[in-house]
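What follows is a set of notes on a single structure, which appears directly below.
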Amino acid sequence: NAGVMQNPRHLVRRRGQEARLRCSPMKGHSHVYWYRQLPEEGLKFMVYLQKENIIDESGMPKERFSAEFPKEGPSILRIQQVVRGDSAAYFCASSPIDGTGSTEAFFGQGTRLTVV
Amino acid sequence: GDSVTQMEGPVTLSEEAFLTINCTYTATGYPSLFWYVQYPGEGLQLLLKATKADDKGSNKGFEATYRKETTSFHLEKGSVQVSDSAVYFCALKGGGADGLTFGKGTHLIIQP
């Protein structure tokens, strides 16, 4: 059973370009979470999705950021018109169910975005 | 809102030393508590967890006890190894929250 797969591992974008980060959850997992890790900081929750639904996007910046988790295919975190401050590591996590605090979330290896 | 505070790093120890990494939290209700470890260039791995007061989570020689009276979840290990060098994150999941709330992480360096 493959773990949570994120790609690309490293992504370099020029200011103003778009960044697309992909996350394939573990087999059988229908809950996906995106987190951002700024340098020297902990992970910050961004968005929680189930298949075809955004459940909680309270941690997402209001502009330029969007996320989806279609019925088929990976979850996508999209950042439009990137700026230098978007440079960070973006982690995806998945879990089989939610609603209980003890449910373990499995993390991917992350995508390190560098905006130049 | 929920928050997690953990000791600043880096923490540098010699091999076989005793380790404590402090973690305290603020949350409404009764959160679940976690310690995650991040090795260089890797994603986070769950190290241990506790879901209610006085529970002790343990794994790979690491332990942490959920102390509701002091709102703490300190990580301990009796004898650290060089391979334990990593960044350790304390985290909580509140009853009404969808995501985990993380501390800033503590970089642990073990010298031979």
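The values are calculated or read from the model by the stated rules, or taken from the named source; none is laboratory data. If you're wondering where the values come from, they're calculated on a predicted model, not measured in any experiment. Here Cβ is always computed from backbone atoms with ideal geometry, including for glycine, and neighbour counts include all displayed protein chains. We work out accessible area using only protein heavy atoms, side chains counted, and drop any ligands, DNA or RNA first. Shrake-Rupley method; radii C 1.70, N 1.55, O 1.52, S 1.80 Å.
Numbers at a glance
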quantity	calculated
Hey, A:Leu38 within 13 Å of chain B (Cβ to nearest Cβ) and either among the charged types (D, E, K, R) or surrounded by fewer than 20 Cβ atoms within 10 Å (Cβ to Cβ) (or both) or not	yes
Meets criteria (modelled with pLDDT under 95 and over 12 Å from the mean Cα position of the chain (by Cα)) for A:His29	yes
Scope the range B:55-67; condition surrounded by 13 or more Cβ atoms within 10 Å (Cβ to Cβ) and farther than 19 Å from B:Gln111 by Cα; matching residues	B:Asp55, B:Gly57, B:Ser58, B:Asn59, B:Glu63, B:Ala64, B:Thr65, B:Tyr66, B:Arg67
Extreme residue, least open to solvent (accessible area, probe 1.4 Å), among residues of the range B:68-80 that are within 25 Å of A:Phe91 (Cβ to Cβ) and part of a loop (DSSP other than H, G, I, E, B)	B:Phe73
Selected residue (criterion: nearest to the other protein chains (Cβ to nearest Cβ)) from residues of the range A:1-24 that are open to solvent by 40 Å² or more (accessible area, probe 1.4 Å) and within 18 Å of A:Ala93 (Cβ to Cβ)	A:Arg9
